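The values are calculated or read from the model by the stated rules, or taken from the named source; none is laboratory data. Please read these numbers as outputs of a predicted model, since none were measured by experiment. As a convention, Cβ positions derive from the backbone with ideal geometry for all residues, glycine included, and neighbour counts pool all protein chains shown.
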């Protein structure tokens, strides 16, 4: 199975979410852009199998910053300078690529808005996750208590010197988010299932986190 699901997000009727793991049989021992080119077709197949094949696929440049971009179906992608994407639009699938960094999923439990964030050591230190919480709370009617947060598999001690997943959990709690979930899985500990930038010395593929609003809120 190449796709992981998260029960906390699956419980929200209008949300579709997942995490596409290592794709068997694809040689990704190359630079990032070539690896993404080789993974494009299997990633698209996985999105189609998740019922999102006809959705607009929204991506970010991912520069290890803190910019959260609010996007619509007609936004040009990838969004320059962004490491987080937010939408209130249905039919838009947010996508973030990681290989040891965390993808942080944020969803309003009433289906009014979603955000997906790239948060590694640097982005976490800069506070991109609280920035995303603040951006979501600019949507009318949404407060931190309405949000469900999910942290993807990412690198963790002892394979990495910093436990930034723990810091993300702390930042979410400090921002007022109460419903926080963490996969508790280390990418570098399971090279058969995940790509790991550190373990594979930079020449590896990318895991794809995706998040979409599939139907109007009830």
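What single numbered condition from (1) surrounded by fewer than 17 Cβ atoms within 10 Å (Cβ to Cβ); (2) at pLDDT 95 or above; (3) over 30 Å from residue 30 (Cβ atoms); (4) over 16 Å from the mean Cα position of the chain (by Cα) fails to hold for residue 181? Looking at each condition in turn, residue 181 falls short on (4).
The residue that is surrounded by the most Cβ atoms within 10 Å (Cβ to Cβ), counting only those in segment 89-102 that are out of contact with any helix residue (DSSP H, G or I) (no Cβ under 7 Å at 6 or more places or on another chain) and within 12 Å of residue 212 (Cβ to Cβ), is 94.
Of the candidates 114, 168, the single residue that is touching a helix residue (DSSP H, G or I) at 6+ places or on another chain (Cβ under 9 Å) and within 18 Å of residue 214 (Cα to Cα) is 114. From the list 82, 149, the one residue that fits, being crowded, with 22+ Cβ neighbours inside 10 Å, outside any strand (DSSP E or B) and either in contact with a strand residue (DSSP E or B) (Cβ under 9 Å, 6 or more places away or on another chain) or modelled with pLDDT under 95 (or both), is 82. Scanning segment 152-178 for residues that are surrounded by fewer than 17 Cβ atoms within 10 Å (Cβ to Cβ) and more than 19 Å from residue 99 (Cα to Cα) yields 170, 173, 174, 176, 178.
Determine, yes or no, whether residue 58 is touching a strand residue (DSSP E or B) at 6+ places or on another chain (Cβ under 6 Å), under 22 Å from residue 89 (Cβ atoms) and touching a residue at least 40 places away in the same chain (Cβ under 8 Å).
no
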